[in-house]
Amino acid sequence: MEGVITCFHTKCVSLPIRSLPLSRVSSLPRWRNSNFVSSSRSILQKSLCVSASSSDTLVAGGSPKEDERQSKVSSKKGGDDDTTDLKVWMGKNGLPPCKVVLNERPAHDQKHKPIHYVAASEDLQKGDVAFSVPDSLVVTLERVLGNETIAELLTTNKLSELACLALYLMYEKKQGKKSVWYPYIRELDRQRGRGQLDAESPLLWSEAELDYLTGSPTKAEVLERAEGIKREYNELDTVWFMAGSLFQQYPFDIPTEAFSFEIFKQAFVAIQSCVVHLQNVGLARRFALVPLGPPLLAYCSNCKAMLTAVDGAVELVVDRPYKAGDPIVVWCGPQPNAKLLLNYGFVDEDNPYDRIIVEAALNTEDPQYQDKRMVAQRNGKLSQQIFQVRVGKEREAVQDMLPYLRLGYMSDPSEMQSVISSQGPVCPMSPCMERAVLDQLANYFMRRLAGYPTTPKEDDALLADPGLSPRKRVATRLVQLEKKILVACLTTTVDLLNQLPDSSISPCPAPYAPSLK
């Protein structure tokens, strides 16, 4: 059972040390009746989840001043014991010997602690098991809520798996050092929700920082995702009353009184960044929080290593050789860079799954709309069609759009009948109509490029600045890669225009041309 590391972003909520009563979020007799000490493994799993997602948000502390204070305390003890504490804690709770260590690299902001990451502790060969985390150290909704409760919550659409996990960890964090998950939560706070490029998900950026994404559809996606998180937050109290027994062990207020929306959003984003989507498991186990998983593991779009559910554990088998000290990488699924940024706070220049979207739609005012809709469906397209433009496949994508656009430009009923009676896509038309189609497509790509406030050269200059902030760096990298795809599409379209037999022919008028956005 393989698990794709689901893409959600990385910033943990820095919750007050008082812990939220998760018990109210779900009526779990199983949780309430189990011995709290004997269920420490289950709790362990949950805290592990927290540390993986982000340090600053889920646990206490996380501010620069707190970082500095902890650093001084640590130095008085003779060194930074955060890593040691985490490893010792995991070992005491069932983690078998493994072939990885936690290393660190400096943060961009020197006021913050260095970023931890999982590295090989010895030379590894392809096929070696880097680590195997027992199920007793894996947090799932099955452990938090129980099968019956999770089914009730999810089927009523009151709360997502991520929100349930986030709420549990928020309440657990409020217990501070009393929580068995404290060492793991402290590690998450140390990470401060930062991805491997030292940036957080844009869900946690300021309005001014979101302007770095001007021109990119990702900016609207960030705002839409934030609205979805807000809707989940508004349902927390309802779920708390639906599942009250789970929270009886926490002597705290109901969710929206115990946590502000901003705190919940930070926790939610933290869980998104670290949750693993296990394959071929039950509903209550499909989202898992795995110690030593993300964000301590680095992401790589072109690797094949995945966290996999095996008998009684979740393990990582490496897909390449490593030297001792090398960062371990893992695949997070076939996601474009926009999703990687939104979920994890980083962008991969070598991402073979990167893409942009072009939305086309037939004109509903067209008298022949129904006939065109039928022809489009016959060729596997919809009246409102989304075209995926994949990096390196821009020419193929443009060629795929042309038959659909030609169909939208047709106005002669006799030509339309000919198309209806034939099979296959609409072939090239008259020179003036073909020019009209290509002109619309070229203008569309130019309009999108003009929507970015910077040119590709200006992007290069920004990225060459070593002092550029991590958030602006990942945003600039994203828009730069989007522009490259758009430029490749425009180049292909212009090449096709130049291949038309007579450049003096004007585009045919098209009263019902399809729309592009």
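The values are calculated or read from the model by the stated rules, or taken from the named source; none is laboratory data. The structure presented is a predicted model; accordingly, all values stated were derived computationally and were not measured. As a convention, Cβ positions derive from the backbone with ideal geometry for all residues, glycine included, and neighbour counts pool all protein chains shown. Only protein heavy atoms, including side chains, enter the accessible area calculation; ligands, DNA and RNA are left aside. Shrake-Rupley method; radii C 1.70, N 1.55, O 1.52, S 1.80 Å.
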- Item | All-pairs alpha carbon distance profile, the stretch 162-230, 10 Å steps from 0, percent | 17, 37, 31, 13, 2
- Query: Which FRET efficiency value, to the nearest 0.05, do you get for Lys393 and Glu207 by plugging their Cβ-Cβ distance into 1/(1 + (r/R0)^6) with R0 = 35 Å?
  - Reply: 0.50
- Query: Which length gain, in nm to one decimal place, applies between Lys126 and Glu104 when the Cα-Cα distance is subtracted from 0.36 nm times their residue separation?
  - Reply: 5.5 nm
- Message: If amide hydrogens are placed 1.01 Å from N in the peptide plane, which non-local residues have theirs closer than 5 Å to the one on Ala313?
- Response: Asp135
- Query: Carbon and sulfur: what percent of the stretch 359-436's accessible surface (1.4 Å probe)?
  - Reply: 50
- Query: Considering the stretch 448-517, what Rg and Dmax in Å follow from its alpha-carbon atoms?
  - Reply: 17.6, 52
- Evaluate E = 1/(1 + (r/R0)^6) for Ile505 and Ser418, where r is the Cβ-Cβ distance and R0 equals 25 Å; express this FRET efficiency to the nearest 0.05. 0.65
- Query: So what does Glu396 come to for accessible area, using a 1.4 Å probe and Å² rounded to 10?
  - Reply: 100
- Item | Simple label model, 7 Å out from Cα along Cβ direction - Met374 to Leu468, nm | 5.3
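Using alpha carbons only, what's the Rg to Rh ratio of the stretch 365-475 with Rh from Kirkwood? Each step should come with its number before you reach the end.
On the way: Rg = 19.4 Å, Rh = 16.8 Å.
Answer for the stretch 365-475: 1.15.
Per residue, how big is the convex hull around the C-alpha atoms of the stretch 435-488? Give it to me in cubic angstrom, could you? Present the calculation step by step, with values, prior to reporting the outcome.
Values: hull volume 3.6 nm³, N = 54.
It is 67 Å³ per residue.
Relative to the present Cα-Cα distance, how much length would full extension add between Asn498 and Cys427 at 0.36 nm per residue of separation? Write down the numbers at each step before the final one.
Values: separation 71, 0.36 × 71 = 25.56 nm, distance 1.81 nm.
Gain in length upon complete extension: 23.7 nm.
Net charge within 15 Å of Leu407 by Cβ-Cβ distance, Lys/Arg positive one each and Asp/Glu negative one each, not counting Leu407 itself? Mind showing how you got there, number by number?
Numbers: positive: Lys372, Arg373, Arg378, Lys381, Arg406; negative: Asp366, Asp371, Asp400, Asp412, Glu415, Glu434.
Overall, the nearby charge balance is -1.
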- Note on the structure: Of the stretch 474-517, those with amide N under 20 Å from the point 7 Å along the Cα→Cβ vector of Ala461 are 474-484
- Task: Kindly list the residues of the stretch 375-393 that lie in the label zone of Thr364, defined by a backbone N under 16 Å from the point 7 Å along the Cα-to-C-beta vector.
- Result: 382-385
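Based on the alpha-carbon set only, what is the convex hull volume of the stretch 390-454 divided per residue, in Å³?
Details: hull volume 6.4 nm³, N = 65.
It comes to 98 Å³ per residue, whole-number rounded.
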- If the convex hull of the alpha-carbon atoms of the stretch 296-410 is projected onto planes in all directions, what is the mean projected area in square nanometres? 11.1
- Message: Need the full-extension length gain, Lys304 to Thr256, defined as separation in residues times 0.36 nm minus the C-alpha distance. One decimal, nm.
- Response: 13.2 nm
- Hey, got the Cα dimensions of the stretch 321-388 along the principal axes, in Å, largest first? 68, 22, 15
